[in-house]
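The block underneath contains the structure these notes are about, expressed in C-alpha cells.
The values are calculated or read from the model by the stated rules, or taken from the named source; none is laboratory data. Predicted, not measured: the structure shown is a model, and the values here were computed from it. Here Cβ is always computed from backbone atoms with ideal geometry, including for glycine, and neighbour counts include all displayed protein chains.
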Amino acid sequence: MRQEIRLAGFGGQGIILAGYVLGKAATLYDGKEAVLTQSYGPEARGGTCAAELVISDQPIGYPLVTQPDFVVCMSQESFNKYGSAIVAGAKAIVDADLVEVPGSSAWLHQIPATRLAQELGNRIVANMVMLGFVCAVTQVASRAALEEALRTTVRPRVVELNLRAFAQGFEHAVAGA
Amino acid sequence: MSGEIYVQAHPVDHLVRADRLPHIWCPGCGLGSATACFASAMVDSGLPLDKQVVVSGIGCTGRVAGYLNVDSFHTTHGRAIPFAIGLKLANPELQVTVFSGDGDMFAIGGNHFLHAARRNVDLNVVCINNFNYGMTGGQFGPTTPLGARTTTTPHGNAEPPFNLVHVASSLGAVFVARWTVLHIRQLHRSMLRALDKRGFRFIEVLAPCPVGFGKSNDIGEGLDEMWFYRRQCVIDPETDLAQATIEMKHDSRIVLGDFVDIERPVFRPSGWEE
Amino acid sequence: MIAAAERRVLAGRHFMNGDTACAEGALAAGCRFFAGYPITPSTEIAERLAERLPRLGGCFVQMEDELGSMAAILGASWAGAKAMTATSGPGFTLMMENFGLGLMTETPCVIVNVQRGGPSTGLPTLVGQADVMQAKWGSHGDYEPIAYAPASPQEMFDLLIAAFNAAERYRMPVLVMADEVVGHMTEGVTIPPAEELHLVGRKRPPAGANGWLPYAADGDLVPPMPLAGEGHHIHVTGLTHDERGYPATDAVVQDQLVRRISQKVQVHAAEIISLEELLTHDAETIVVSYGCTARSARQAVLAARERGVKAGLLRLITLWPFPGERMRELADGSRRFVVAEMNLGQMAREVERHTRAPAVWVTHAGGAMIPPTAILRAIMEAAT
C-alpha cells in the first residue's frame, strides 16, 4: 500500500528533520520503502517549507506526493497553501495553537505541539511532539522504529529530550482517542 | 679567422626531444633561447628531472612542453594553470612549471592566473611575452602595447595592455621577475631562484616575435629586437612595479629585475594535514 | 594524516540523499581528488566531499569555474589519483572543452551532471533531462562516450563505482547523467562492505618499464597509462598524436587515433551497457525511459498490466553507448515503443533510429517530473 504524507510549516521548525526521521524509521527499522523529497528554493529559508514522504511496502516508482493521505501543518501559512489539497479520505493534522481551521470534523486532528514542547522546556522539539502524534494517528511507521530513527539521527545530548517530546505527542493522541 | 666549430654535444641535449626537431618556431623567435635557458635551469636546480613536470597551454609557447624531455603536458587554451594545480595537489612531490604565452595565460586563461596567485598554489609560472598571438598570425592580445599594429588592430591597438609583473605582484605572487631572452644569464639565475622557492612564482620573459609583432611595429627582425632590448632595458629590482609598463617604443624604457621575493603560506586545500 | 575513525566505505543501510550517496559512491570507488564549482542542484556532492575527502587523505579543491575544475581533475588523474567533478547544466557546458581533452588524451576521471532545466540558466532548482545528447555530442569532434543514468539514490552510489571502474578500465572520462529529482530525493541506500566492492584500477605499464609510450594500445585498444613523476618522460597533448604522444598533423594518424578512441568503447559495448528490463519478454508495448522518469514509467507499466495491457519497461542504466542491438532485437515489427523522457525527444530519435519505426514520444521540457498517468495514457494509446 502506498501512503503519502506531507509535513509542512515554516523554516526553522524542524519540518525536514521530522520528515527525515519518519522516512528513516520506515526504511531502516520497519522494512518498508520510503522516499523523502522537500520543497527546494528560496521558500525553504524562513517561508513555508514542506517535507514530503511516500511510504510503501512495494518499491516506489513515482517519488513525489500528489494526493497526500495525511497533511501535517505547523503554521497557518502552510495550511493555507496545502489545506486545499486535502481530499476526501485524507486527514489533516495541525498544531492547534498555530493553525486555525474553519469548523471541525472527523478528518481533522489537532495537538498543541508547540505549547507541549514549551512545557517540556524547549519549543524546538515541537516537531518531535508532532511526530509522536502523527505516529499514533497515522500508523505509517511504528513507534519503535521512529524512536530508533530518532536515537540514531539527533545529537546524543538531545536524544532524551526528543524522545520525551515524541512520547508526549504519542500519548496525547492515545489520551484524546 | 679560426676554422668552423663543430659542437658534438650541448649540456642540455638530454632535455630536448631530439626526435621532435626541427621545431615549429620562426627564424628570430625568442622561444628557443627561453626554452634552452629553462632546460639548463632545470638541470642546475639539482631537482630530480623525473619529478619535474612542464605544463603548457596553447600557442607558440604552448609548444615548449612538447620539446622538453620531461613529463610534459600540452593542454587546452588557457587551462595550463588549473591542469597543473591538479597535478601538483594530487602528487605534491612534483615540481610543476607552467610555461605558456601572454595570450594563453592572461586573456583566455586570465581568471585561472588570478586565482592561482591569490591562493599561492605551489607552481612555477613562466610567461613568454611577445606582445601578440603569434601562432594565429599576429593578432593583438592582452599585452600588446597601446597603438601597436597587428592584423586585428590595423588602425593601431586601442586597448591599454596588462603590466604582468604588476598584476602578479598585486595578487600576492611570492616571486616576481621580468627579463628578456637577451638577458639570458640573469634569466637563468632568476629561474633557479624560482625553482628553489615554494608558492606561486612568476617570471615574465620578453621575447621577439618578428613575424607577428616586430616587423609591423618599427622594431624589425629578431636580432633588431635583441638590440632594442639592449638599448631600452634597465635593471632595477627596486622599481615601482605600477610604473613598470612596457610601451615597446624607441624612446621608452623597459624595467627588468627580480622584483618580488617574499614568503606567504603556500596553498593547502582545506582540511589537509601535512 | 588520516583520521583513524573515518571510514572510507560507510557499509550498512542508510536513508540517504541522492547527492550524498553519489559522494559516498565516489569515496567507496577510491576517489582521491575532487575539483568543482558550486552549482545547484549538484552542490551537496561537493559539500559532502569537502567534509569527507580530506579526512580520508584525499584532496578537495573548489576552483574558480568549471573550466578550471575539469582541467584540474585531468591533471590529478595524470598524477595517479582517481579524480572527479560534479556539476549541472551550465557548468557541464563549460566542461565540454576539457572533456574533449580528457577523451583525446585518454585520461580516466568521472564527471557527474545533476541535470536541471535548460537551456542556459533555465530552472536551477528544478529537474531536467535535456543534456543527454550533449553527453554524446557536446564536445567538438568524434568520440564515443560512456554515460550512466541513475534512477535512485542507491544507483547514485552504485553507478559512481561503475563509472570510476569504466573510467579506469577504458582510460577515459566517464559521465554520470543524474537529475535533480534523483539528486535531491532521500531513499534507502545499502552500502556493501569495502571487501565486497569490485574496484578496477587503470592498466599500468609493466614494473621497471622505462620510456613507456603513453599511446601504444594493447589488443583491447586501451593503452596502459604511465604517470607523471615515474621517469617515463611522457608527452601528453590534445593535438592529434602518435603512439609516442607526439603531435602529428596527419590525416592517417588522425583517423587511426579517433577511430581507436571510439572503438575502444564500441568493442566493449556488451560489457559496458547496462539495462533493466521489466516484463519485456511478452510485452507488446515497451516503454523506454531512464533516470527519474523511469520511475514514473515503471509505475505506468505496472498500471497498464493491471488493465490487461501487455506493457514492459526498458530502462537505460547506461545511456551511452546506446543499446542499439537490444533495440533491434526487441523491434520485431509488431512491438510498439513509447519513449518517456524529460526533454523534447532526444533519446526518442535514437530509439526510432534503431527500431526503424516511429515511437510514441512522451516528452516534457523539464521543471516537473512526467507523471505516471501521462505515460500510461501513451501506453494505452499505443496499444489500441
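In this entry, C:Leu227 passes the filter for residues that are surrounded by 15 or more Cβ atoms within 10 Å (Cβ to Cβ), part of a loop (DSSP other than H, G, I, E, B), modelled with pLDDT of 95 or more and of a type outside the set (D, E, K, R). Quick check, is C:Gly68 without any contact (Cβ under 8 Å) to a residue 60 or more places away in the chain, closer than 26 Å to B:Lys51 by Cα and over 19 Å from the mean Cα position of the chain (by Cα)? Judged against the criteria, C:Gly68 is a match. I'd like the residue in the stretch A:64-77 that is within 17 Å of A:Leu36 (Cβ to Cβ), more than 14 Å from every other protein chain (Cβ to nearest Cβ) and not aliphatic (A, V, I, L, M) and, out of all such residues, is surrounded by the most Cβ atoms within 10 Å (Cβ to Cβ). So the residue we want is A:Pro68. Can you find even one residue in the stretch A:41-49 that is facing another protein chain (nearest Cβ under 10 Å), modelled with pLDDT under 95 and not in a helix (DSSP H, G or I)? Taking every residue of the stretch A:41-49 in turn, at least one turns out to be facing another protein chain (nearest Cβ under 10 Å), modelled with pLDDT under 95 and not in a helix (DSSP H, G or I). Out of everything in the stretch C:274-289 that is crowded, with 19+ Cβ neighbours inside 10 Å, within 24 Å of the chain's Cα centre (by Cα) and away from chain A (no Cβ under 14 Å), what residue ends up being farthest from C:Val200 (Cα to Cα)? Among those residues, the one meeting the criterion is C:Ile286. Once the stretch B:5-33 is narrowed to residues that are over 27 Å from B:Phe213 (Cβ atoms) and hydrophobic (A, V, I, L, M, F, W, C), the residue that is farthest from the other protein chains (Cβ to nearest Cβ) is B:Ile5. Among the residues of the stretch C:326-359, write down those that are more than 14 Å from chain A (Cβ to nearest Cβ) and under 23 Å from C:Arg116 (Cβ atoms). Selection gives C:Val339, C:Glu341, C:Asn343, C:Leu344, C:Gly345, C:Gln346, C:Met347, C:Ala348, C:Arg349, C:Glu350. Scanning for something away from every other protein chain (no Cβ under 13 Å) and small (Gly, Ala, Ser), does the stretch C:179-193 turn up at least one residue? No: zero hits.
Taking C:Arg32 and the conditions (1) touching a Pro at 6+ places or on another chain (Cβ under 7 Å); (2) within 28 Å of B:Asp50 (Cα to Cα), which numbered condition does it fall short on, given that it satisfies the others? Against the list (1) touching a Pro at 6+ places or on another chain (Cβ under 7 Å); (2) within 28 Å of B:Asp50 (Cα to Cα), C:Arg32 comes up short only on (1). Selection of helices (runs of 4 or more DSSP H) fully inside the stretch A:110-166 by the criterion of at least 2 residues being within 14 Å of chain C (Cβ to nearest Cβ) and at pLDDT 95 or above returns A:143-151. Could you grab me the full set of residues in the stretch C:23-55 that are part of a helix (DSSP H, G or I) and within 10 Å of chain B (Cβ to nearest Cβ)? Within the stretch C:23-55, C:Ala50, C:Glu51, C:Arg52, C:Pro54, C:Arg55 meet the criteria. Just one of (1) facing chain C (nearest Cβ under 7 Å); (2) touching a residue at least 40 places away in the same chain (Cβ under 8 Å) fails for B:Gly62. It is (1). Residues considered: A:Pro63, A:Pro59. Of these, the only one that is touching a Lys or Arg at 6+ places or on another chain (Cβ under 7 Å) and part of a loop (DSSP other than H, G, I, E, B) is A:Pro63. For C:Pro323, the conditions (1) more than 16 Å from C:Gln129 (Cβ to Cβ); (2) within 14 Å of chain A (Cβ to nearest Cβ); (3) buried (at least 23 other Cβ atoms within 10 Å of the Cβ); (4) of a type outside the set (Asp, Glu) all hold with the exception of (2). Taking the conditions (1) within 14 Å of chain A (Cβ to nearest Cβ); (2) hydrophobic (A, V, I, L, M, F, W, C); (3) within 30 Å of C:Ala207 (Cα to Cα) in turn, C:Val236 satisfies each one other than (1). Out of the residues in the stretch B:28-54 that are more than 20 Å from C:Glu230 (Cβ to Cβ) and either among the aliphatic types (A, V, I, L, M) or at pLDDT below 95 (or both), which is surrounded by the fewest Cβ atoms within 10 Å (Cβ to Cβ)? Taking the candidates together, the pick is B:Ala36. Once the stretch C:80-98 is narrowed to residues that are surrounded by fewer than 24 Cβ atoms within 10 Å (Cβ to Cβ) and within 13 Å of another protein chain (Cβ to nearest Cβ), the residue that is farthest from C:Tyr170 (Cα to Cα) is C:Leu94. Annotation: C:Ala135 fulfils all but one of (1) buried (at least 21 other Cβ atoms within 10 Å of the Cβ); (2) within 13 Å of another protein chain (Cβ to nearest Cβ); (3) among the hydrophobic types (A, V, I, L, M, F, W, C); (4) in a helix (DSSP H, G or I); the unmet one is (2).
Of all residues being in a helix (DSSP H, G or I) and touching a residue at least 40 places away in the same chain (Cβ under 8 Å) in the stretch B:228-274, which is farthest from C:Leu49 (Cα to Cα)? Just the residue, please. Checking each candidate, the answer is B:Arg230. Take the conditions (1) acidic (Asp, Glu); (2) buried (at least 24 other Cβ atoms within 10 Å of the Cβ); (3) in a loop (DSSP other than H, G, I, E, B); B:Glu93 misses just one of them, which is (2). Scan the stretch B:71-83 for residues that are within 7 Å of another protein chain (Cβ to nearest Cβ), out of contact with any Phe, Trp or Tyr (no Cβ under 8 Å at 6 or more places or on another chain) and either surrounded by fewer than 24 Cβ atoms within 10 Å (Cβ to Cβ) or in a helix (DSSP H, G or I) (or both) and report the count. So the count comes out to 1. Identify, by number, the condition in (1) surrounded by 17 or more Cβ atoms within 10 Å (Cβ to Cβ); (2) facing another protein chain (nearest Cβ under 10 Å); (3) closer than 30 Å to C:Val301 by Cα that A:Ile16 doesn't meet. Evaluating A:Ile16 over (1) surrounded by 17 or more Cβ atoms within 10 Å (Cβ to Cβ); (2) facing another protein chain (nearest Cβ under 10 Å); (3) closer than 30 Å to C:Val301 by Cα leaves (3) as the failure.
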